[in-house]
Amino acid sequence: MSVEQPITAAQSQAALRWLGRIQQQPAQAEGAAFKRWLLESPAHRQAYAEAQALWRLSEAPAARLAAEEHQGLQTYLEAMRRPERKRPWRGLAVAASLVLALGFAAGWQPQFWLQDLRADYTSGAQWISPRASGVCGCCAAPRSSR
């Protein structure tokens, strides 16, 4: 009757690495190295058997997770394939910005908008402060110098 050796963490990790390699259809040289590793110790065979059992137990949850994520991924991929929608307001916004920039460059003064909107008539002349013009602010008569 043989006593089973305990499996170390390093042996478990090695068994999982070998399982991953074997699942990927290894070359013959790698397959021979795996057989040598497997025959080195009964603990290696036991660790590999546990890794295979873990692999089999994880197949069903992994398949379920893949199925759940498949729909979300497909929705995302379809959104990426769709052509970008045209946004008609984008051209309007560019045009409005251009008009504002040209208006400011030409001397347009937005602080007088409300005055211009309430007026029956507006002239092209800019507003000049009564103090600076030498005209009385209340009646537009020339100021007398004192």
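Residues in segment 76-111 that are of a type in the set (S, T, Y) and at pLDDT 85 or above: S97 only. The set of residues from segment 1-16 being at pLDDT 80 or above, in a loop (DSSP other than H, G, I, E, B) and among the polar types (S, T, N, Q) comprises just one member, T8. Whether any residue in segment 40-56 is under 36 Å from the mean Cα position of the chain (by Cα) and either of a type in the set (G, A, S) or not in a helix (DSSP H, G or I) (or both) is what I want to check. No, every residue in segment 40-56 fails to be under 36 Å from the mean Cα position of the chain (by Cα) and either of a type in the set (G, A, S) or not in a helix (DSSP H, G or I) (or both).
For segment 27-37, a residue qualifies if it is in a helix (DSSP H, G or I) and loosely packed, with under 15 Cβ neighbours inside 10 Å, and the qualifying residues are Q28, A29, E30, G31, A32, A33, K35, R36. Go through the residues of segment 11-26 one by one and say whether even a single one is loosely packed, with under 12 Cβ neighbours inside 10 Å and aliphatic (A, V, I, L, M). Scanning segment 11-26 turns up no residue that is loosely packed, with under 12 Cβ neighbours inside 10 Å and aliphatic (A, V, I, L, M). Here the condition is being more than 25 Å from I7 (Cβ to Cβ), surrounded by 10 or more Cβ atoms within 10 Å (Cβ to Cβ), among the polar types (S, T, N, Q) and over 35 Å from the mean Cα position of the chain (by Cα); of Q74, Q109, it holds for Q109 alone.
The values are calculated or read from the model by the stated rules, or taken from the named source; none is laboratory data. None of the values given here were measured: they were computed from a predicted structure. In this analysis, Cβ positions are derived from the backbone assuming ideal geometry, glycine residues included, and neighbour counts consider all displayed protein chains.
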